[in-house]
1. Condition first: in a strand (DSSP E or B) and of a type in the set (S, T, N, Q). Now tell me which residues in the stretch 190-248 satisfy that.
2. Search the stretch 176-200 for residues being of a type outside the set (Gly, Ala, Ser), surrounded by fewer than 19 Cβ atoms within 10 Å (Cβ to Cβ) and under 27 Å from the mean Cα position of the chain (by Cα), and hand back the single one that is nearest to Lys234 (Cα to Cα).
3. Taking into account only those residues within the stretch 182-201 that are among the charged types (D, E, K, R) and in contact (Cβ under 8 Å) with a residue 12 or more places away in the chain, which is nearest to Tyr212 (Cα to Cα)?
4. Test of understanding: among Asn217, Asn222, Asn235, Asn207, which residue is of a type outside the set (Asp, Glu), within 17 Å of Pro171 (Cβ to Cβ) and either outside the structural domain of Arg192 (by TED's automatic domain parsing) or loosely packed, with under 15 Cβ neighbours inside 10 Å (or both)?
Amino acid sequence: MESNYPNLDEMDIEEFEECIDKNRRKRSRTPMQIKKISPRAIEIDDLEKRLDLAKRQAEEAQRDDCTVLVVKLHIKADEYDVYRFFSTAGVGKVRDVKVIRDTKTGKSKGVAYVEFYTPDSVLKSMTLSGQMINGQVISVQPSQAEKNRAAAATRLAKTAEQQLSTPKVGPNKIFIASLKDELSYIGVRELRQLFSPFGEIDNVKVNKGIGYVQYRNCKDANEAVTKMDGMKIKNKRIKVGMADTKTN
């Protein structure tokens, strides 16, 4: 079978240099093949991220329900002191203890979080208020998990309301800068391949190293800017942003 590679042993220096130069010219004439990302792949990726986020939030919520807040703690009491007190109090198995400290000095603020393995340990631990750790009376309180979740739900509802009230009509034209030198081969066809996964495109132009892509609606244009700005092509980052509809 004939090899596609030259026999370097039979070449002199001039032939070798000519072969290298020929390969360089060939590569420079060959445009980079841009892998098209399907809208379905982007949708699945976004869905997986949302599922992972929901799973983490559910796990955090479950751990919050098993956590109490200890206040009026002696400033010399550390994690081991708190762990030993609750572990020997017969209220349940302790999973984790965190003493809140000043970020600059490292000194305790007299507050600690105690996490148990089961929610029923939280109710039992409430009966320990009034007892002492390191000679100082403590108070055991709920961790405010429900209050924090309610506040988070309010923020999410407000954000959703703002998104729904945002007009669907808006800027739908984006620019792609830095299409020079190594990226000068990128034209209308390549830009359409790169940016069509984000939505329906009405028009594509390239002028003096800057590309312009006009989408059917503003939501797709915003998504393209968010996901493509700073993307590397041939080790060179491209700049993507919203274009002035009055220009070009």
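The values are calculated or read from the model by the stated rules, or taken from the named source; none is laboratory data. Because the structure is a prediction, the values reported are computed rather than measured. All Cβ positions, glycine included, derive from the backbone under ideal geometry; neighbour counts span all protein chains shown.
1. If the condition is that a residue be in a strand (DSSP E or B) and of a type in the set (S, T, N, Q), then Asn203, Asn207, Gln214 are the ones that fit.
2. Per the criteria, the residue is Gln193.
3. For the stretch 182-201, the residue satisfying everything is Arg192.
4. Matching residue, one of Asn217, Asn222, Asn235, Asn207: Asn217.
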